[in-house]
Amino acid sequence: MAHRSVSVIVPVKDGARYLGELLDATLAQAGDTSSLEVLVIDSGSTDDSFQIASSRSVRVLSIEPASFGHGRTRNLGAASTSGELICFLTQDATPVPGWLAALQRGFDLAGDVGAVYGPHLARADTSPMIARELAAFFATHEAPGGGPSVQREGDQVFLSNVNAAYRRDCWEALRFADVPYSEDQAFARAMLTAGWAKAYVPGAAVLHAHDYPPVQFMRRYYDEYRGLRATIGHVEPFGLRSTVRDVRSLVAADREWMRGQGLDARAWTGRSVLHHAGRKVFSALGSRADAMPGAVQRRLSLEGTVATAPTRSTVTRPPVGKPVARARRPVIWDAVRRYARDGPAPLLAPAGEQAADAPLHIACVIPPFSRGSGGHNSILQIMRRLELEGHTVTFWITDEFGLMDGDRAARIRGDMREWFAPIEGPVFKGFRDWYGADVVVATGWQTAHPVMLLAGCRARAYLVHDHESEFYATSVESRFAEATYGLDMHAICASPWLEELVRDRYGRSTSRFDFGVDHDAYRPRPVARRRDTIALYGRAITPRRAVPLALMALQELAERRPGLRVVAFGNRDEIDVPVSHEHLGILSPQELSWTFSEATVGLVLSLTNYSLIPQEMLACGLPCVDLAGISAEGVFGADGPVALSAFDPLDLAGVIERLMDDPVEWERRSLAGKAFVTDRTWDRAAMQVQDGIRQALRQALSRSAAPTPPA
């Protein structure tokens, strides 16, 4: 068994009853790990909890009671420690001897195990119903024949932070959702969907059993199932006949177990009936809490709180038990309809430290993609660097037309890593497993309305790569795309032209980022320049790249220069170039850098926002040509490294020809281009986007702090 460094985190509030024995039992197992640190997070205890913890060799962190959250505080604890394994205990869960060694063995069961949990054992004074339920429940988690088990996607999702340990890289990839309850269950579903496994180890046991008086028990079950509805969408079925049948069976099982333990079954029968009937009723009520008036919810809840809207999904589900006709696919752009009907999902209260420098969980929502997508390359280059800055990034694909229906999330993630950037975070298709985030980021107009419907977030931002409404003729798509720029999201725009447009036309708050260059890939290569060669970005499937105009200019140029050589790239299928040419298809960055190092002129036209490809050409010393009066002029200047042409095939042919014929002009623009892109890196772009995300959080914080106007 590998011995790893371990951090044990214990959230505490008024936990003096068991805290001393818990800490002593934990510290006694220090020999079962290479190093052990214990962190107690006290959220305003009024008993002796703080003194008990302070008297032992553990670190104590005090937080304000109002700042406590089941997921939020555990994220704080994990971020404040350094162990390879992060273990969580609740204040009344005492580890048994061998607990820590057993947890570590769980991670050795398979290389993809990201979390390990163990059973809860009844204490000596636990009522018989609870003791039997615990033993029976955890027995179902064992492998056939007994012993540890490994669970993957499709298996049960149970996981409990009463007694659980996580690999740090698994926690960093997902983090706990900031939900009122059941943050562990939400994490379990997310990790299994993302391709991690979890393990159950019977030897990793703690003494822990909630044994309340009957009324308190019922109210606790109400809270527990209310949390399961909010985090994983569970609705507890309920029917009078089935409840009577189930209670009768459970009471009989209790009586048989008690007789086997030498207890007086008759003395406990009435309590058993009350316990099981109360649980059936109150668990069903809890999973339907959001349909009740707030005053009723507070009376039923042991915590005295009101249910929040479910955060797992924004998909409307039919009532339990009522058959419905299933459509093959929801109406296209249905998120627009639901947004018009319901408005935006409410935001969580912002945390001030997140607007400053705390690590964030960023949910990045992207549309479908194919190889060669410049927009997706930009998104993923930036998000990868935000991961390297310590942020957790999860990726969510919204796919109205089912373009990626045949691809599993793991396959899609592999393509993203191979084609764009080596992201670490998990990839999800749709929002069935949505579990919230600090900030959710829309990255294209198709994602904007779905993002507005996602609950469980503190702020929303919109990474605006282009004025996408111009991609379409007059149509529903053009109008919907235009409407997204008026949605209540801070817009992080990809050029000065785009920022001015979104700010002035749509009245949004804005910031800017600049496209980066992968300088490891794009650099001058040791190959001779061919003075007859033009590298054409011939992405004809993207009309805004003005390929027909480029082809007209090349035909005019070929009539003047019969030896003209054209290499076309960026389109999978060969395009109909009216001059002698070579079709290169979609190339890797390294292959492109050799093409750019050999050519004389790069030709990349943009009718809306500029492409990132001119910067990649400039990094290879290749001067290039774009259209004047749109976006490129605001980025490169009127007479900078990129030569600008009017929207005219003859003028475009003349601009290209001057670069080919004038070595002084060519050299000037080549040197200017290499200097221009020197500080244009994806690291810089990521920091600009990070600043924009922090700005979105600051705006949310400012709004929440603003006084409510009088009625």
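Calculated [222 nm] ellipticity per residue, helices only, for the chain: -12500 deg cm²/dmol; basis is -39500 (n - 2.57) per DSSP H run with n ≥ 4, divided by all residues, nearest 500.
Rounded to the nearest 20 debye, the dipole magnitude of the stretch 44-134 is 80 debye, with +1 charges on Lys and Arg beta carbons, -1 on Asp and Glu beta carbons, and the Cα centre as origin. Spin-label model, GLN261 to ILE586: label points 7 Å out along the Cα-to-beta-carbon direction sit 6.2 nm apart.
If you filter the stretch 236-295 for chymotrypsin sites (Phe, Trp or Tyr not before Pro), then keep DSSP loop positions with at most 16 other Cβ within 10 Å, what is left? Sites meeting the loop and neighbour criteria: PHE238. Relative to the Cα centre, the charge distribution of the chain, modelled as +1 at Lys and Arg Cβ and -1 at Asp and Glu Cβ, gives a dipole magnitude of about 2460 debye. With the largest listed first and rounded to whole Å, the semi-axes of the equivalent ellipsoid of the stretch 215-300 from the Cα gyration tensor are 28, 13, 11. Length gained on full extension, VAL235 to ASP520: 97.4 nm, using 0.36 nm per residue less the C-alpha separation.
Packing-wise, with mean Cβ within 10 Å as the measure, how do 48-59, 106-117 rank, highest first? Mind showing how you got there, number by number?
Numbers: 48-59: 17.0, 106-117: 20.2.
So the order, starting with the most tightly packed, is 106-117, 48-59.
Applying Stokes-Einstein at 37 °C and 0.692 mPa s to the Kirkwood radius of the stretch 628-711, computed over alpha-carbon pairs, gives a translational diffusion coefficient of 197 µm² s⁻¹. Could you state the angle between the C-alpha long axis of helix 547-560 and the longest principal axis of the C-alpha atoms of the chain, as a value from 0 to 90 degrees rounded to the nearest 10? Around 30 degrees separate the two axes. Once backbone amide H atoms are built at 1.01 Å from N, THR681 has VAL517 as its partners under 5 Å, excluding neighbours fewer than 5 places away on the same chain. Chymotrypsin sites (Phe, Trp or Tyr not before Pro) within the stretch 566-674: which are DSSP loop residues with at most 15 other Cβ atoms inside 10 Å? For chymotrypsin sites (Phe, Trp or Tyr not before Pro) across the stretch 566-674 that sit outside H, G, I, E and B with at most 15 neighbouring Cβ atoms in 10 Å, the list reads PHE647. Rounded to the nearest 10 degrees, the inclination of helix 240-260 to the longest alpha-carbon principal axis of the chain is 60 degrees.
What length, rounded to one decimal in nm, is gained on full extension from GLU142 through to PHE68, with 0.36 nm per residue of separation minus their alpha-carbon distance?
Working: separation 74, 0.36 × 74 = 26.64 nm, distance 3.35 nm.
Full-extension gain reported as 23.3 nm.
Under the combined filter of DSSP loop state and at most 13 neighbouring Cβ atoms within 10 Å, the stretch 458-543 retains these trypsin sites (Lys or Arg not before Pro): ARG530.
If you take all other residues with their beta carbon under 11 Å from the beta carbon of MET452, and give Lys and Arg +1 and Asp and Glu -1, the sum is 0. Take 361-373, 333-345 and order them by the average number of nearby Cβ atoms within 10 Å per residue, most first; the result is 361-373, 333-345. With K and R counted +1 and D and E -1, the other residues having a Cβ less than 11 Å from that of LEU388 yield a net charge of -2.
If you fit an axis through the alpha-carbon atoms of helix 682-705 and take the longest principal axis of the Cα set of the chain, what angle between them do you get, 0 to 90°, nearest 10? Compared with the principal axis, the helix lies near 50 degrees. What net charge do the residues around ALA265 carry, taking every other residue with its C-beta under 13 Å from that of ALA265, with Lys and Arg at +1 and Asp and Glu at -1? Counting the neighbours of ALA265, the net charge comes to +2. Backbone geometry of the stretch 161-169 corresponds, through the Karplus equation with coefficients 6.51, -1.76 and 1.60 at θ = phi - 60°, to 3J(HN,Hα) couplings of 7, 4, 7, 8, 10, 10, 5, 4, 5 Hz, x marking Gly and Pro. Here are a few candidate values for Cα extents along the principal axes in Å: (i) 116, 103, 50; (ii) 105, 55, 54; (iii) 83, 66, 50. Which one was actually calculated from the structure I just gave you? Working out Cα extents along the principal axes in Å from the coordinates points to (ii). One equal scatterer on each Cα of the stretch 52-104, no solvent, Debye formula: the resulting log10 I(q)/I(0) at q = 0.18, 0.20, 0.27, 0.29 Å⁻¹ is -0.81, -0.99, -1.38, -1.36. For the stretch 85-165, the Cβ-based charge dipole about the Cα centre amounts to some 140 debye (Lys, Arg positive; Asp, Glu negative; other atoms uncharged).
Taking every pair of distinct Cα atoms and averaging 1/r, then inverting, what Kirkwood hydrodynamic radius in Å comes out for the stretch 372-531? Kindly include the intermediate steps, with their values, before the conclusion.
Values: mean 1/r = 0.0578 Å⁻¹.
One decimal place: 17.3 Å for the Kirkwood radius.
Taken together, the values in this text are just the output of simple stated rules run on the coordinates, not laboratory data. What you are looking at is a predicted structure, and each value in this text was computed from that prediction instead of being measured. Every residue, glycine among them, receives a Cβ derived from its backbone with ideal geometry; neighbour counts consider all protein chains shown.
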